[in-house]
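The values are calculated or read from the model by the stated rules, or taken from the named source; none is laboratory data. Bear in mind that the values here come from a model prediction, so they are computed numbers and not experimental data. Methodologically, a virtual Cβ is constructed for each residue, glycine included, from the backbone with ideal geometry; neighbour enumeration extends over all protein chains shown.
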């Protein structure tokens, strides 16, 4: 049961569009928050919510390292990675796994990290969850990879096997990411808040959900979910009531007539 990572400065229009199935899940989970208590919501919908961003992470890892490796003069490996991304966009995941196999232990950190991200995403798409977790763990432990992508891999590792982890382990593993200064604050804080709920720490969970809801740099959908959770937990996360009412009133009225 785990939402997955959303970098802090990503808005709702960036990244790949969600599939109709993802949109249905999000609508259903929002409705579940209104009707169910917090524990039921987390138990039923937590893991599915996080799966929406897996393709975004796949593309981001390859894109970042493609640029860095071209600048370093590693055109051959970079071109291979670009071709793999093309296979991924075409949802040819067996080819993704086949084409990245020879790059997983490449001596250049950028190449091997990109290959591992791409193969992990392909493994998730083909139901090989254990393999994906193994690859994310390899990236997170690779001291040659940039810290930002090591953190991203750690977040994906936790999200992918959230159900099998002890809440205390999740809280400890994401402690340095679940604060507002982290570029992965939104996703890490949401994961940590759910872990706190499972551990019975409603006060800590409410504080994190409130912090997410108040952070204007986070995607609105994430903030809305957090705001609904604070309501379930009895936490006040609305600082400017007048602004909220004005926003809700404008939304309910719809666009002005021409």
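The set of residues from segment 114-135 being more than 18 Å from the chain's Cα centre (by Cα) and crowded, with 19+ Cβ neighbours inside 10 Å comprises just one member, 115. Residues that are farther than 26 Å from residue 125 by Cβ and either in contact (Cβ under 8 Å) with a residue 12 or more places away in the chain or not in a helix (DSSP H, G or I) (or both) are absent from segment 157-165.
Within segment 166-177, residues that are surrounded by fewer than 20 Cβ atoms within 10 Å (Cβ to Cβ) reach partners that are part of a loop (DSSP other than H, G, I, E, B) with beta carbons closer than 6 Å, at six or more positions or on different chains, in the pairs 167/199. Is it the case, given these coordinates, that residue 249 is over 19 Å from residue 153 (Cα atoms) and modelled with pLDDT under 90? So residue 249 fits the description; yes. From the list 120, 132, 76, 137, the lone residue that is modelled with pLDDT under 85 and either assigned to a helix (DSSP H, G or I) or within 23 Å of residue 155 (Cβ to Cβ) (or both) is 76.
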